[in-house]
1. Could you tell me whether Asp456 is in a loop (DSSP other than H, G, I, E, B) and either buried (at least 18 other Cβ atoms within 10 Å of the Cβ) or more than 24 Å from the chain's Cα centre (by Cα) (or both)?
2. Among the candidates Gln67, Gln78, Gln89, single out the residue that is modelled with pLDDT under 80 and surrounded by fewer than 19 Cβ atoms within 10 Å (Cβ to Cβ).
3. Hey, among the residues in region 177-223 that are in contact (Cβ under 8 Å) with a residue 12 or more places away in the chain and among the small types (Gly, Ala, Ser), which one's farthest from Gln464 (Cα to Cα)?
4. Enumerate the strands (runs of 3 or more DSSP E) found wholly within region 502-616, keeping only those where 1 or more residues are within 30 Å of Trp477 (Cα to Cα), touching a residue at least 60 places away in the same chain (Cβ under 8 Å) and over 28 Å from the mean Cα position of the chain (by Cα).
5. Anything in region 391-409 that is among the small types (Gly, Ala, Ser) and not in a loop (DSSP other than H, G, I, E, B)? List them, or say none.
6. May I ask you to verify whether Phe451 is under 19 Å from Asp418 (Cβ atoms) and touching a residue at least 60 places away in the same chain (Cβ under 8 Å)?
7. Of the residues in region 495-525, how many are of a type outside the set (A, V, I, L, M) and closer than 11 Å to Tyr191 by Cα?
8. Give the residues of region 546-564 that are surrounded by fewer than 17 Cβ atoms within 10 Å (Cβ to Cβ) and of a type outside the set (A, V, I, L, M, F, W, C), sorted by residue number.
Amino acid sequence: MAKSKGKKASDVFVWIILLLLIVGLAGFGAVNFGGNIRSIGRVGDTEISVDRYARAVQQELRSLSAQTGQQFSFAQAQAFGLDRAVLQQVVASTALENEAARIGLSVGDAAVQREVLRIPAFQSLDGGFDREAYTYALRQNGQNVEEFEQGIRDETARTVLQGALVAGVETPATFTDTLFGYARETRDITYVRLGRNDLATPLPEPDEAALRAYYAANPDEFSLPERRRLTYAWVTPQMLTGEVEVDEEALRALYEARIDEFVQPERRLVERLVFATEEDAAAAKARIESGEITFDDLIAERGLDLDDVDLGDLSRAQLGQAADAVFALQDPGVAGPAPTDLGPALFRVNAILTAQETTFEEAREGLLDEFADGAARRLVSDQIEPVDDLLAGGATLEEVAGETPLELGEIILSDTSDDPIAGYTEFREAARSAEIGDFPEIAQLTDGGIFALRLDEIIAPELQDFADVQVAVIEAWERSETARALTAQAEALKIDVDGGQPMDTAPATPVTAEGILRDAFIDGAPVDMVTTAFAMEPGETRVLTDETGAVLLRVDAIDAPDPDTDEAVKIRQAFATQTAQSLARDMAEAFTRAVETQAGIQLDQAAINAVHANFP
């Protein structure tokens, strides 16, 4: 009887493990394309299977979602160029595998076995390899053992080929030393900044003749840029939220579906260290209590690190048999020994997290906003097909706006347009690429909105009337005349300094800066001052100007870096390593392009489209 119960529990446990394996193998999953489509093309003699390309696309979609924290449809990812990037990667990998096969490079069964055993999804809880679970998981994901292991064999051979290609790549010492000397060379400088308050003679009041002369000589400053007159129809989720009917039952269902966010029991932030026997765990606890060793040192003594023992924040239910011992602690500390599925363990409690509960009434407003936004997005999405059909049938934007929720608008688009739709990058890009006579096409906005536009007129740049920009002309004239007068003062000062006069006789106080590197930024100085200093010789002076004034600059010394300091040695080593890696990447890319060209690439666009059609 006891044996029967144990067998039943064991079977349940095995099915749980298999379920976890299937979830873990999601990246290996294949898509069922039906028909006779088996590959999307070939490189040389090596085919690119549809499953391989589909898995690569799936993995990139997951990676994109993980990086951004939001889910992307395939159409959205395709707009970013994800499909083209994945196809390029798959073609490159296949080209290297084809080259490895051509030259007879392969790996043995032992190497394949090592790679399979390293995959966590095929390991049982005791760290062993479960052959039955391995074959079952592969079969559930559309693969057999032979196909999977052949893929590992090909990938390993490709890795060996790449490794052999870039092995031993080093940065020449002369190259490293030369660039280090260039990058770490410094300048000692002295400069005098002359601003508006340092004018020897105040500027006179400009008369209209002077202003009109400046206006005529600088028309670009007072001209409107090229603008585009557009008609558009658009709708966003925000524009439709008022039409969303609130469904109280749906709100409560949403609350219940996410109850774990709103109702959290008391939890403990814990780390777990498992031992072979309870005696070993008790002995370790005694060492901690006596002060002989810390929990951190005990982890290190076992050859582990904090990531290996960290369990995060767990509730009483999640801790199972160890719950009583862990929750008995009223303050952070070490609990145990306590039983676990893996054996007796010590638990370090790092923090006590009190229970938290947000009632439906408290969460309702946020849920309502989320519900309304989601419903409005669906309403907008539902308009894509009918609007597209109307446009395809020759309807104007005015007619579309009359028959759908889309709102009609007009805009003269320029860099300074403050119309709400002008803030969308998608709209600006579509407006810039539009041509007069183009048929409007539906397009999407980042917030889930849609729009279509028509270019009505391109307005050429035009000079604004003097009366309309007179204030701007006065300001521009004053800036120009101030810069001219200060530049003249700085040039006069340069002559005096070159003749032996000290720089401290200038109207402004000189500033000395030592050890300036090429990438240094000096606040309040012209942006090109450091670059100019590195083009000068010791003792040389130059005048620089910008919109706010003029600067007299002198280079006092050029200092070469000491290559033997600890910092210099580390910088040179890091630079040599980084450069070698860059050279290795360039070599690998060049080699890959060469073998692609030599082998020849044949792609079946229809098969590629069939793969794309299987993604939502």
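1. On the way: in a loop (DSSP other than H, G, I, E, B): no; either buried (at least 18 other Cβ atoms within 10 Å of the Cβ) or more than 24 Å from the chain's Cα centre (by Cα) (or both): yes.
So Asp456 does not fit the description; no.
2. Details: Gln78 fails: modelled with pLDDT under 80; Gln89 fails: modelled with pLDDT under 80.
Answer to the check: Gln67.
3. Checking each candidate, the answer is Gly181.
4. Values: elements: 511-516, 541-546, 549-559, 601-603.
Here the list reads 511-516, 541-546, 549-559.
5. Filtering region 391-409 for residues among the small types (Gly, Ala, Ser) gives 392-395, 401-402, 409.
Within region 391-409, Ala392, Ala401, Gly402, Gly409 meet the criteria.
6. Details: under 19 Å from Asp418 (Cβ atoms): yes; touching a residue at least 60 places away in the same chain (Cβ under 8 Å): yes.
Considered against the rule, which asks whether it is under 19 Å from Asp418 (Cβ atoms) and touching a residue at least 60 places away in the same chain (Cβ under 8 Å), Phe451 comes out as yes.
7. Keep residues of region 495-525 that are of a type outside the set (A, V, I, L, M), which gives 496, 498-502, 504-505, 507, 509-510, 512, 514-515, 518-519, 521, 523-524.
Subset that is closer than 11 Å to Tyr191 by Cα: 504, 509-510, 512.
Selection size over region 495-525: 4.
8. Keep residues of region 546-564 that are surrounded by fewer than 17 Cβ atoms within 10 Å (Cβ to Cβ), which gives 546-548, 556-560, 562-564.
Passing the criteria: Asp546, Glu547, Thr548, Asp556, Asp559, Asp562, Pro563, Asp564.
The values are calculated or read from the model by the stated rules, or taken from the named source; none is laboratory data. Remember, predicted model here, so these are calculated numbers, not experimental data. Glycine gets a Cβ as well: all are built from the backbone with ideal geometry, and neighbour counts include every protein chain shown.
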